[in-house]
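Since the structure comes first, as C-alpha cells, the remarks are kept for the end.
The values are calculated or read from the model by the stated rules, or taken from the named source; none is laboratory data. Just so we're clear, the structure is a prediction, and the values are computed from it rather than from any experiment. In this analysis, Cβ positions are derived from the backbone assuming ideal geometry, glycine residues included, and neighbour counts consider all displayed protein chains. To get the accessible areas, we keep the full protein, side chains included, count just its heavy atoms, and leave off ligands, DNA and RNA. Shrake-Rupley method; radii C 1.70, N 1.55, O 1.52, S 1.80 Å.
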Amino acid sequence: MDESYEKPGPFKRFFFACAGSYIKILENCPSEHAKYVGIGATIFLTACMAVISGSFAIYTLVDNVPGAIAAGLLWGAMIFNLDRYIVSSIRKEGRTWYEVALAMPRIILAILISVVITKPIEVELFRNQLNSALYAYTAQLEKEAIVQLEDKLGLDSIYQEINLVDSMRVEYKKLKDGRPTGISFGEVSNEYNAAKTTYDSLYRIYNPRILSNETERNNLWNKHATRVYETDASGNKRFIRWDFPEQYQERTNVLIRANRDMQQTLNKQQALVTQLEKERKLMRESFAKGLDEEIALLQVKREELEVAKSAREKERDAQRGDALKTANRYGKGFPARIQALELLKEQDGSIWWMSNLIMMLFIMLETSPVFVKLITKRGPYDYLLSRIEHYKKVESLRSISDLNYDLNSALRFRQRQNGTPVRKPEEELYSDN
C-alpha cells in the first residue's frame, strides 16, 4: 500500500469505524474519505436519536431518569450495531441489480428500525395533546371497568328488574285511577287497535271526498237551480217549486249516493270501534279490581330487590379500587400513549401529517447509508477490499490444499510401512476404508 497519503485524524477514523469500514484500507484511499465519513456520521446520529427515543420510551414506563438513560444507551448501542452491520455487509461488485436484490432485506430492516425509533419521539413531541387524550381515555377505561364489575356482580340485571317493577307499579296505578295506560288487554285490545287504525285510515280517505262532493253538489244547485213562480188572478206572484235541470240533478244524485255509501262505511266502522272500546273498558275495570294485591306484591318484590342491590353495591364498592387501579394501569405507560397517538391521528389531520413526516424523515435518515452505498460507483476502497478478500480466500484454499497434501503423504508413508498397497490420492478420497 502507498504510505505517501496523510493519515486521517481521529475524527475521520471514528466515523470510518461507525461506517463499518476497514480503516487501514481507507487510509490509502483519500477520495473515499468524504463518502465514508458521511455514512459513519449518519449511522452515529441515528444511534444518538435511538438513545433519545429509547430513553423517552423507558421513562414513560419506569419514571426513573438514570434507568431510562441506561436503557436508552443500550437501545442506541443495539441500533448502532445493526446499522453498522447493515451498511458494512453491502459489497460493491459492479452488478447493480444483484446489489439491489441483496440490499432489499437490509432496506426493509432499516425501515422497521426507523419506525421503532420514531414512535417514542412522536409521543414526546405531542405530549400535551396526548395528556388530554389519555385523561379522556383513562376516564373511559375506568367507566368500562365499573360497568364490567357491575355486570360481573349482576347489578345490571337488578337495576333492570327494579326499573321493570317501578314501571309496572306506575301503570297499575294509572289503571286504578282510570288514566290512560300502556297495558294491553289481550285479544280485545288488539282487535280495538286494529279497528281504530282502520277507522282512522278510512276517515283520512273518505272525509275529504265527502266534503268535496258536498261542495260540488252545493255549487251545482246554487248555479243551476231556479225558482218557478205563477201569477194568480189578482196579479200576485206565488212560488211553486224549484226548477233544476235533469242533467245536473243526475250528477247531484251520484254525489249524494257516493257520500251516503262512504258515510255508512264510516258509521259501521265507528260502531265497531265503539263496541270494542266498551268491551275493552269492561275488561280494564275487571282487571283493576284486583290491582291492590298486585301493587302490594310488586312493593314486596321491590324491597327484596333493594336489599339485594345494597348488598351487591357494597361488594362493588369493595372491589372498585382494584378495578380502577387496573384501568389506570392500562391507561398509562408507553403502549397507552401509542394508542392515544393513533386516535389523535385519526381525529386531527395536522397531527397525522406531522407524524408521518417525522417518520419519513427517520426512514430517510436510516436508509440513507444503504442507498449511498448502492448509488455510488465502485471506488478504490472497494477494489482494495476485494483484492484483500480474494487474496485471503486464495491463501485459505492454498492452506487447505497443503494440509490435504500433507495428510495424504502421511497416509501413503504409513501404508508403505505396513506393507499395504499404496493408493492414489483420488482412491483415498473415494475409498470407504
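Can you find a residue in the range 390-408 that is at pLDDT below 75, over 28 Å from VAL62 (Cβ atoms), within 59 Å of the chain's Cα centre (by Cα) and in a helix (DSSP H, G or I)?
Pass one, the range 390-408, residues at pLDDT below 75: 390.
Filter once more, so that each one left must be over 28 Å from VAL62 (Cβ atoms): 390.
Then keep just the ones that are within 59 Å of the chain's Cα centre (by Cα); that gives 390.
Those left that are additionally in a helix (DSSP H, G or I): 390.
Yes, the range 390-408 contains at least one residue that is at pLDDT below 75, over 28 Å from VAL62 (Cβ atoms), within 59 Å of the chain's Cα centre (by Cα) and in a helix (DSSP H, G or I).
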(message) Step by step: first the residues of the range 193-232, then only those that are β-branched (Val, Ile, Thr), open to solvent by less than 70 Å² (accessible area, probe 1.4 Å) and assigned to a helix (DSSP H, G or I), then the one that is nearest to GLN247 (Cα to Cα). Which residue is that?
(response) ILE210
(request) Residue by residue through the range 130-150, note down the ones that are out of contact with any Leu (no Cβ under 7 Å at 6 or more places or on another chain) and either over 24 Å from ALA323 (Cβ atoms) or of a type outside the set (A, V, I, L, M) (or both). (result) ASN131, SER132, TYR135, TYR137, THR138, GLN140, LYS143, GLU144, GLN148, GLU150
(request) Return only the number of the condition from (1) in contact (Cβ under 8 Å) with a residue 60 or more places away in the chain; (2) under 36 Å from the mean Cα position of the chain (by Cα); (3) over 22 Å from MET364 (Cα atoms) that ILE69 does not satisfy. (result) (1)
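Any idea how many residues of the range 148-174 are without any contact (Cβ under 8 Å) to a residue 24 or more places away in the chain and more than 16 Å from VAL300 (Cα to Cα)?
Filtering the range 148-174 for residues without any contact (Cβ under 8 Å) to a residue 24 or more places away in the chain gives 151-152, 156-157, 160, 163-164, 167, 170-171, 174.
Remaining after also requiring more than 16 Å from VAL300 (Cα to Cα): 151-152, 156-157, 160, 171, 174.
Final tally of qualifying residues: 7.
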(message) Looking at (1) in contact (Cβ under 8 Å) with a residue 24 or more places away in the chain; (2) closer than 26 Å to PHE15 by Cβ, which one does ALA57 not meet, given that it meets all the others?
(response) (2)
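Each row is one residue, and each column tells you yes or no for (1) of a type in the set (S, T, N, Q); (2) touching a helix residue (DSSP H, G or I) at 6+ places or on another chain (Cβ under 8 Å); (3) over 22 Å from PHE362 (Cβ atoms).
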position	(1), (2), (3)
SER89	yes, yes, no
TRP97	no, no, yes
ALA103	no, yes, no
LEU109	no, yes, no
THR118	yes, yes, no
LEU125	no, yes, no
TYR159	no, yes, yes
ILE162	no, yes, yes
SER167	yes, no, yes
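Name the residue that is nearest to THR42 (Cα to Cα), counting only residues in the range 72-86 that are touching a Ser or Thr at 6+ places or on another chain (Cβ under 9 Å) and open to solvent by less than 30 Å² (accessible area, probe 1.4 Å).
From the range 72-86, those touching a Ser or Thr at 6+ places or on another chain (Cβ under 9 Å) are 72-73, 75-76, 79-80, 83; that's our starting set.
Subsequent filtering for residues that are open to solvent by less than 30 Å² (accessible area, probe 1.4 Å) retains 72, 76, 79, 83.
Values: GLY72: 18, GLY76: 13, ILE79: 12, ASP83: 10 Å.
Once the filter is applied, the top-ranked residue is ASP83.
Here's a check for you: in the range 130-147, which residue that is touching a residue at least 24 places away in the same chain (Cβ under 8 Å), among the aliphatic types (A, V, I, L, M) and farther than 24 Å from TYR59 by Cα is surrounded by the fewest Cβ atoms within 10 Å (Cβ to Cβ)?
Here is the first cut: in the range 130-147, the residues touching a residue at least 24 places away in the same chain (Cβ under 8 Å) are 130, 133-134, 137-138, 141-142, 144-146.
Next, from what is left, pick out any that are among the aliphatic types (A, V, I, L, M): 130, 133-134, 141, 145-146.
Going one step further and asking which of them are farther than 24 Å from TYR59 by Cα, we end up with 145-146.
Working: ALA145: 21, ILE146: 17.
By that ranking, first place goes to ILE146.
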(request) Give the residue, chosen from ARG127, ARG95, that is under 26 Å from LYS325 (Cβ atoms), of a type in the set (Lys, Arg) and either open to solvent by less than 80 Å² (accessible area, probe 1.4 Å) or modelled with pLDDT under 80 (or both). (result) ARG127
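Taking the condition of being β-branched (Val, Ile, Thr) and not in a helix (DSSP H, G or I), how many residues in the range 336-387 meet it?
Looking only at the range 336-387, we keep the residues that are β-branched (Val, Ile, Thr), and these are 338, 351, 358, 363, 367, 370, 372, 375-376.
Remaining after also requiring not in a helix (DSSP H, G or I): 376.
Number of matching residues: 1.
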